[in-house]
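Everything below concerns the one structure shown next.
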Amino acid sequence: MPTDSLTHRWLRHNIQSYPAHDIVFAHTDAVLARYPTVRPKTDVYTYDDGRTQLLLCLHGLLPIAYRGASYNIPIAIWLTREYPRQPPIAYVVPTTDMIVRPGPDMDVSGRCQVEYLRNWQRKSEGCNLAALIQAMQDSFSRVPPVNAKPAGVPSSSAMQRSQTTSPEYSARPPPPLPGAQARSHTASPPSAVTQTDGRPPLPARPAHSAVIPVQFSSSSTIPPSSPPPNNDRSDSPNVLANASLGMRPPPPLPPHPPAYSLPVSPAGDPRLGTSPPPLPPPFVSPQLSTGFPPHQPRPAPPAPPPPAALTPAFSVSPPPPRAPVPSVIPPDLLDGDEPAQARPGTPPSAAPPRPPNPELLRLHAQVHAKLQSELASLQHAMALDAERLRAHQADLLAGEPAIRDEMARLEAVRSVCGAVAERMRVVVDAGERNVAELRRKGDPEVDELVCSTTIVHNQLVNLVAEDNAIEDTIYHLHRALNTGRIDLERFIRTTRVLAEEQFMKRALIEKIETGLPPDDAELAWTMASEWSEM
């Protein structure tokens, strides 16, 4: 439980950069709970276009069952930042003793493309990591994604070099070692060479099978038989084949060597008088004489045979009978020696060029096809973007006159609004000055507000006001009588006094109205009626 909580804390801390970090945490936790051999980590992932990004990776061993046996497949699943809208990137990571097995769901780089991943984007909300790993487990159980690397398999370049040899030379056994060949030559005559190491000798060519007579002296050793001359085309396949097998063939002798006798000692045999000249050093290409590529160290030359192998003397025997001259056979253009190349002293031509690696050609073709498809999709996307940008450009160019017209209209509206604002500012300033003046004068009295132009009219206004006041007083006294606040006698006495006063004021009002001009009388009567209504 503490380990799980520690893993949860680490996971929540490292997935904060994901937009859907809650979904990433839930899916990852489900995978870790279901597959104990899978662990999380964060590492830098490099995309195919060279971009690098720090992503969450689930790596470990995926158990599968294949033909009744259990295997563990090393996998690595990278979660992109757009997860779960974008599918994760799944890889099979082979170890040093494994090789990737390409197939419909697996490419040579180890990237897994199971059907679940191909259908992820169509319905990403229904996909998760646990189901993806289950789909990979089912797919790998049907067809394993890796194979065990076979032990001792030669490299592809060595296999190609061995495949370039002709059928005739590829079927030949390897030549004997230089030391064994020297011992066999010194112990037997050239006509019947015996094999001391159990290897068959190199067969002679039919086109150049002439027997060179061997000269003998009374006490000289028998020289080794010279192999038939080989041209560049016949040497290079053997060299390539022996290079692939790790053998070291003896260097070829010059074509048509003369018959020489090997001396017993460097000083020569005293019985011979003069020692014969030594064998001339053959001209051998540095690369073809050893059978090793130029970049590999040249092996040490074989040790010379011991003196005891050169001292035995043989009795003079008649030369072997000449072999019957075979009928003229048409020369094989792939195997025969050309006259210009058969002359002694002519250096052999360079080895034929190495054929290209078919696996490399296949990879080149796949990369070329992939680049072509990516280029086509990129060109299509760029064409769509160019069309969209051209449409935007046309819209912008067409909108420029409309924008200029709208700007001119807005300038006119702004000028009108400026004039109206100026007028309103003048009016507001005048109003503010009036308000300030009124505040300076203070509030007027009520009696000053209600006044007339003449004394008679002012007297009339006062009489009307007093009449209305008496009327209101009598009304409130009546209400007080009804509620029992005053008695009847007091009410009658007060009402009588008020009624007499009201009568006198109304009589005076009528008298004033009678003495006023007709227009003023009408105005006074209107004022009196309004006051009475109030």
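Values quoted throughout were computed directly from the atomic coordinates according to the rules given, and no laboratory measurement underlies them. Computed from a predicted model, the values in this text were never measured in an experiment. All Cβ positions, glycine included, derive from the backbone under ideal geometry; neighbour counts span all protein chains shown.
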Pairwise FRET efficiency - Gln134 versus Phe25, Cβ, R0 = 22 Å, nearest 0.05: 0.65
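On average, how much area does the Cα convex hull of segment 411-453 cover when viewed from any direction, in nm²? Intermediate values should be presented prior to the final figure.
Values: hull surface 19.1 nm².
Hull-based average projected area comes out at 4.8 nm².
Show me the ranking of peptides 352-365, 470-483 by mean Cβ neighbours inside 10 Å, starting with the highest. All intermediate terms of the calculation are to be shown ahead of the outcome.
On the way: 352-365: 11.3, 470-483: 13.1.
Ranking the peptides 352-365, 470-483 by packing returns 470-483, 352-365.
Given charges of +1 on the Cβ of Lys and Arg and -1 on the Cβ of Asp and Glu, with all other atoms neutral, how large is the dipole of segment 2-148 about its Cα centre, in debye to the nearest 20? It would help to have the intermediate numbers written out before the result.
Working: 15 positive and 13 negative charges, 24 e Å.
Charge dipole, segment 2-148, about its Cα centre: 120 debye, nearest 20.
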Between segment 345-421 and segment 60-94, the Cα center-to-center distance that results, in Å: 36 Å
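Taking the Cβ of Pro150 as the center, what net charge do the other residues with Cβ under 15 Å away carry, scoring Lys and Arg +1 and Asp and Glu -1? Before the final figure, lay out the partial values.
Working: positive: Arg101, Lys149; negative: Asp97.
Neighbour charge sum, excluding Pro150 itself: +1.
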Placed amide H near Arg101: partners under 5 Å, 5+ positions off or other chain: Val146, Asn147
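Fully extended, how many nm does the chain gain between Asp107 and Arg485 (0.36 nm per residue separation, minus their Cα-Cα distance)?
Values: separation 378, 0.36 × 378 = 136.08 nm, distance 11.45 nm.
Stretched out fully, the Asp107 to Arg485 stretch lengthens by 124.6 nm.
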For Cys112, distant residues with modelled amide H under 5 Å away: Ala90, Tyr91, Val92
Potential extension, Met382-Arg354 segment - 0.36 nm per residue separation minus Cα distance: 5.9 nm
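Please give the net charge around Ile470, taking every other residue with its beta carbon less than 13 angstrom from that of Ile470, where Lys and Arg add +1 and Asp and Glu add -1.
Values: positive: Arg496, Lys505, Arg506; negative: Glu466, Asp467, Glu471, Asp472, Glu500, Glu501.
Summing Lys/Arg as +1 and Asp/Glu as -1 gives -3.
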Amide proton proximity set for Thr42, modelled H, under 5 Å, gap of 5+: Cys57
Potential extension, Arg493-Ser5 segment - 0.36 nm per residue separation minus Cα distance: 165.3 nm
Under 30 Å from Lys123, Cα to Cα: lysines that are on another chain or at least 8 residues apart: Lys41, Lys370
Radius of gyration, Dmax [segment 2-148; alpha carbons; angstrom]: 15.1, 43
By average C-beta atoms within 10 angstrom, highest first, the peptides 487-497, 82-92, 392-402: 82-92, 487-497, 392-402
Approximate spin-label separation Asp447-Val420, in nm, with each point projected 7 Å along Cα-to-Cβ: 5.0 nm
Förster radius 56 Å - calculated FRET efficiency between Ile403 and Arg439 (Cβ-Cβ, nearest 0.05): 0.65
Estimated inter-spin distance, Ser141 and Glu432, nm [label 7 Å along Cα→Cβ]: 8.9 nm
3J(HN,Hα) from dihedral phi, segment 384-393, Karplus parametrisation 6.51/-1.76/1.60, rounded to Hz, x for glycine, proline: 5, 5, 5, 4, 5, 5, 5, 5, 4, 5
Rounded to the nearest 20 debye, dipole of segment 359-489 from Cβ charges on Lys, Arg, Asp, Glu: 1160 debye
